[in-house]
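Sharing a structure here in structure tokens format.
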Amino acid sequence: MGGITMKQRYDSYKPSGIDWIGDIPSHWDITPLKRNLRMPLKYGANEPAESEDKNYPRYIRITDIDSNGNLKDETFKSLEPSKATDYLLAKGDVLFARSGATVGKTYIFKEPYEACFAGYLIKASCSLRLSPQFLFYYTNSGMYNNWKNSIFIQSTIQNIGADKYSLLPLPLPPIAEQEAIAAWLDEKCGEIDAAIAKVDREIELIDELKQSKISRVVTRGLNPDALLRPSGIDWIGDIPKHWTKCRLKFIGSARNGLTYSPSDVKDSGKLVIRSSNIQDAKLNYDDCVFVANYPETLSVNSGDTIICSRNGSIKLIGKSVFIEDDMDVTFGAFMMRFRPYEHPKYSHYLLSIAISRYKGLFATTTINQLTADSLGKMEAVMPPYMEQVQIADYLDKQCAEIDGLKEKLSMKRETLTELRQSIISEVVTGKRKVI
């Protein structure tokens, strides 16, 4: 990253009038977003994402936009032209996410094909006074995050509508300077993004190594000299001669989670585990939903595995967490609890591999889902109980070592991400002059 340097400050500054922006260059202005648009902000189409017809305009939803503001290929959906007409995007349009865990996330439309956008997104069409790329970079700055947090404090709900976005204060230089700053950031952020992509690939390889190690041991055991026989299951192959073949319904019970309405959600109470609460096979409490109570049949006990069973992204189906201790929590309707009859940790490892192998069965035209019935029908193999204990202990140690390597890479990625945001923040608010 040695090529990234900052130049001198501007000649003079003036107060912006906004605490979290601070001073700005004297020739810049503070102006609300709405004054720099060629038309009012517009909400997207309230249509279901059902079609995958490549001849129709692509239907862009919040889930299609990754953390770097790029479109995901694997989540493609389209909308028939008659329904897409009023929501078509022009090159340079900026989309803002208006609700959910990713509220505030942005994307610039640059694609060479027709596309429209869904209802949980808001379209901003920049006037000649505002560079779309400059706007995008501003929404990747720390100052933009401060603004979002100020909105959440006022409303207590993570939802930003067009009325709020229209008042987003922008520190703006003349358009030629905006474009020059955006071009400079394209180059510098490109260097950082390349470094982040390299780390991401290393993390992917570590994840693949972990899955490979788990798969090998839960289907073949720890004894390399064990006598083998065909399992009759394509994805498993040969197994130790004394192991048994079974379906998952015979090693544990599965059931779907709690259905609740918005009126059931409380500021505090009993946590409802959802997909967003599972990150890297651990519980994460950054995005929580609480209810007053739940049925005992939907409890979460030590030894349970909680699985993401329904999601718009097939990649998230099967994401799971092993519950180490009894918890006074429940799990949502798009989640599934697997409660084992056999050794809990071994069952968890076996479950993760089986689900990954049968993943192609979960895709439907409307939503990707893993049902309790389909999970129960999956074929697997089981060693005697004491071998389950030995395998689980071995994998705990092996996975802990692999997770330690991954954590170091994740910290490196976080450092690069913070560097990227710091550079953007200083440049788009005029703290540093780069042209």
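Are there trypsin sites (Lys or Arg not before Pro) in the stretch 184-290 that DSSP marks as loop and that have at most 10 other Cβ atoms within 10 Å, and which are they?
Filter output for the stretch 184-290: Lys241.
Also, I was wondering about something else. Tell me, what is the percent relative contact order of the chain, built from C-alpha pairs under 8 Å that lie six or more residues apart?
On the way: 754 pairs, mean separation 81.5, N = 435.
Averaging sequence separation for qualifying contacts and normalising by length gives 19 percent for the chain.
Mind checking the alpha-carbon convex hull of the stretch 113-219 and giving the volume per residue in Å³?
213 Å³
Give me the percent of Cα-Cα pairs in the stretch 1-93 that sit more than 17 Å apart, rounded to a whole number.
Tail of the P(r) past 17 Å holds 69 percent of the pairs.
Let me ask you something else. Taking 45 Å as R0, compute the FRET efficiency from the Cβ-Cβ separation of Ser212 and Cys288 and round it to 0.05.
Approximately 0.85, to the nearest 0.05.
Tell me, in nm to one decimal, what length is gained between Met386 and Ala194 on full extension, where the rule is 0.36 nm per residue of separation less the Cα-Cα distance? Present the calculation step by step, with values, prior to reporting the outcome.
Details: separation 192, 0.36 × 192 = 69.12 nm, distance 4.71 nm.
Roughly 64.4 nm would be gained on extension.
On to the next question. Loop sites only, by DSSP: take the chymotrypsin sites (Phe, Trp or Tyr not before Pro) in the chain that have at most 11 other C-beta atoms within 10 Å and name the longest stretch containing none of them.
Here the longest segment lacking exposed loop sites spans 114-284.
Give me the 1.4 Å probe accessible area per residue for the chain, excluding ligands and nucleic acids, in Å².
Accessible area per residue: 49 Å².
Distance from a point 7 Å along Cα→Cβ of Ser263 to each backbone N in the stretch 275-297: keep the residues under 15 Å and list them by number.
Backbone N within reach: 292.
Please report, in whole Å³, the volume per residue of the convex hull around the C-alpha atoms of the chain.
161 Å³
Let me ask something additional. Out of Phe136, Asn149, Val94, whose Cα points farthest toward the positive end of the dipole of the stretch 78-163 (charges: +1 Lys, Arg; -1 Asp, Glu; placed on Cβ)?
Going by the charge dipole, the pick is Asn149.
Okay, next question. Roughly how many whole Å is it from the C-alpha centroid of the stretch 378-422 to that of the stretch 89-142?
Cα centroid to Cα centroid, the span is 36 Å.
Please state, as a whole number in µm²/s, the translational diffusion coefficient that the Stokes-Einstein equation yields for the stretch 319-425 at 37 °C and 0.692 mPa s, with Rh defined as the Kirkwood radius across alpha carbon pairs.
Rounded, D is 192 µm²/s.
Provide the per-residue ³J(HN,Hα) series for the stretch 250-265, in order, calculated from phi with Karplus coefficients 6.51, -1.76, 1.60 and θ = phi - 60°, each as a whole number of Hz, with x at glycine and proline positions.
Values per residue, Gly and Pro as x: 8, 10, x, 10, 10, 8, 7, x, 7, 8, 9, 9, x, 5, 7, 6 Hz.
Now for a separate question. Using the Kirkwood formula over every pair of different C-alpha atoms, what hydrodynamic radius in Å results for the stretch 60-155?
Taking the inverse mean of 1/r over all distinct Cα pairs, the stretch 60-155 comes out at 14.2 Å.
R0 = 41 Å: FRET efficiency of Lys34 with Glu202, Cβ-based, nearest 0.05?
0.40
Please give the helix 175-220 orientation as an angle from the longest Cα principal axis of the chain, in degrees from 0 to 90, rounded to the nearest 10.
Taking Cα atoms only, the helix is inclined about 0 degrees.
Viscosity 0.890 mPa s, temperature 25 °C: Stokes-Einstein D of the stretch 159-272 from its Kirkwood Cα radius, in µm² per second? Could you put the intermediate results ahead of the total?
On the way: Rh = 21.8 Å.
In µm²/s, the coefficient rounds to 113.
Rg(Cα) of the stretch 158-224 divided by 2.2 N^0.38 Å?
2.15
Could you tell me the extents of the stretch 241-382's C-alpha atoms along the three principal axes, largest first, rounded to whole Å?
For the stretch 241-382, the Cα extents along the three principal axes come out at 54, 36, 25 Å.
Measure off, as a whole percent, the carbon and sulfur share of the 1.4 Å-probe accessible area of the chain, all protein chains present.
Result for the chain: 51 percent of the exposed heavy-atom area is carbon or sulfur.
Along the Cα-to-C-beta direction of Thr85, a point sits 7 Å from the Cα; which residues of the stretch 106-125 have their amide N less than 18 Å from that point?
Residues 114-117 fall inside that zone.
Testing the spin-label approximation: label points 7 Å from Cα along Cα→Cβ at Gln158 and Asn46. State their distance in nm.
A separation of 2.3 nm, rounded to one decimal place.
Determine, from the Cβ-Cβ distance of Arg255 and Ala183 and an R0 of 51 Å, the FRET efficiency 1/(1 + (r/R0)^6), rounded to the nearest 0.05.
0.40
Return the distance in nm (one decimal) between the two label points of a simple spin-label model at Asn301 and Asp396, each offset 7 Å from Cα along Cα→Cβ.
Taking the two extended label points, one gets 1.9 nm.
The values are calculated or read from the model by the stated rules, or taken from the named source; none is laboratory data. Quick caveat, the model's predicted, so the values are computed rather than measured. No Cβ is skipped: glycine too gets one built from the backbone with ideal geometry, and neighbour counts run over all protein chains shown. Protein only, heavy atoms only, side chains kept; ligands, DNA and RNA dropped before computing areas. Shrake-Rupley method; radii C 1.70, N 1.55, O 1.52, S 1.80 Å.
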